[in-house]
1. Suppose R0 equals 25 Å; then what is the FRET efficiency for ARG32 and ARG192 from their Cβ-Cβ distance, rounded to the nearest 0.05?
2. Picking from GLY285, ALA18, SER88, whose Cα lies most toward the positive end of the charge dipole for the chain (charges on Cβ: Lys, Arg +1; Asp, Glu -1)?
3. Taking a cut-off of 12 Å between Cα atoms, list the aspartates and glutamates near LYS65, but don't count ones fewer than 8 places away on the same chain.
4. Counting other Cβ atoms within 10 Å, which GluC sites (Glu not before Pro) in the stretch 1-110 have at most 15 and lie in a DSSP loop?
5. Where does each of 213-223, 107-117 land if you order them by average Cβ count within 10 Å, highest first?
6. For the stretch 69-149, what class follows from the C-alpha gyration tensor (a ≥ b ≥ c being the square roots of its eigenvalues): rounded when a/c is under 1.5, otherwise prolate if a/b is larger than b/c, else oblate?
7. In the neighborhood of ALA101, defined by Cβ-to-Cβ distances under 9 Å, what is the net charge if each Lys or Arg adds +1 and each Asp or Glu adds -1?
8. Could you please report the charge total around PRO305, scoring K, R as +1 and D, E as -1 over all other residues with beta-carbon less than 13 angstrom from its beta-carbon?
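Please treat every number below as a calculation from the coordinates, not as lab data. Source: prediction; values computed, not measured. Cβ sites come from the backbone with ideal geometry, for glycine too, and all protein chains shown count toward neighbours.
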Amino acid sequence: MIPVFRAADVERAVPPAAAYEAVRDAFVAFARGEWTMPPKSYVTNYPAGDFRAMPALGGGYALLKWVTSFPGNPARGLPTVSGVVLLSDASDGRLVAMLEAASITALRTGAAAVLAAETLGRADAGTATVIGAGVNGRAAARTFLARGRPVALWDVDGARAAAVAEELGCGTAGSLEEALAAGLVVTVTPGREPVIGEGVLRRGQHVSLMGADGPGKAEIATAELVRTRIFCDDWEQASHGGDLAHAAAAGLAGRDDVTQLGDVLTGDAPGRIDDEEITTFDSTGLAIQDLAVAIAAFERATKLPDLLQIDLG
């Protein structure tokens, strides 16, 4: 029998604090070459959206995530992200679990955003803000709160930001300008147009850019990005599908200009050098992060006796 984790089951199994630790460990394992991740494959159906196949291997397991991103779906009452995660035993190939993909995505997105902010931000950064109060923005805010850090939300839909803030027990920013003035900023928007223009960021700030996770998307003006010290989750992926892709295509940022977060976590590369630096983290979402959260959920399966079980034989 194969356990099937619905979205609520994933959230019960892996609280934000546990996702944070799992994702941190995955970044380290990937940087050390202990976990592997073939390139993400896109099947595009623009302008409607795209399908993504994301494989990874590590920790005794193999994973395939089949997930979609259709930014216009909320207007139709449908989720932006949907799909399934398949987890297999790496020693014999057996399928051992199936998990709802959007909940895995939200947990690892929130974990990576906060991990980068805490690793690269100033020690005295204080309050954080999350711009975008959708599923993944909510996850980022929950992770900040789980880490004991105050957070405020801002969204173009003020009512949505207020509702999520009330649910989580956090504050809201009065304007986009107020949100962008925080010491730690996380952007989790559809990425259709930049929310951070040229000359907006101040010395000492950190921004985790989580929304531009595919070709053509952007959350920050290219001129503003290259004004910062740039970090990313994975150079090959981010330079083709993240905010970095625009700077790379224009010849304004190359491999030597960008540091991978995992290399900072292992001590193989420096993080923030001084309190005056502006740091940015360009995230496109890695299958190794999904793998880490999926393993954490699967290891809790016996603690969830009401999990749906299916037999594919």
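1. 0.10
2. It is SER88, whose Cα lies furthest towards the positive end.
3. Reachable aspartates and glutamates: GLU100, ASP290.
4. Qualifying residues, ordered by number: GLU34.
5. By packing density, highest mean first, the sequence is 107-117, 213-223.
6. Values: a/c = 3.35, a/b = 1.38, b/c = 2.43.
Because a/c hits 1.5 or more and a/b fails to exceed b/c, the stretch 69-149 counts as oblate.
7. Values: positive: LYS65; negative: GLU100, ASP290.
Net local charge, ALA101 excluded: -1.
8. Charge balance near PRO305 sits at +1.
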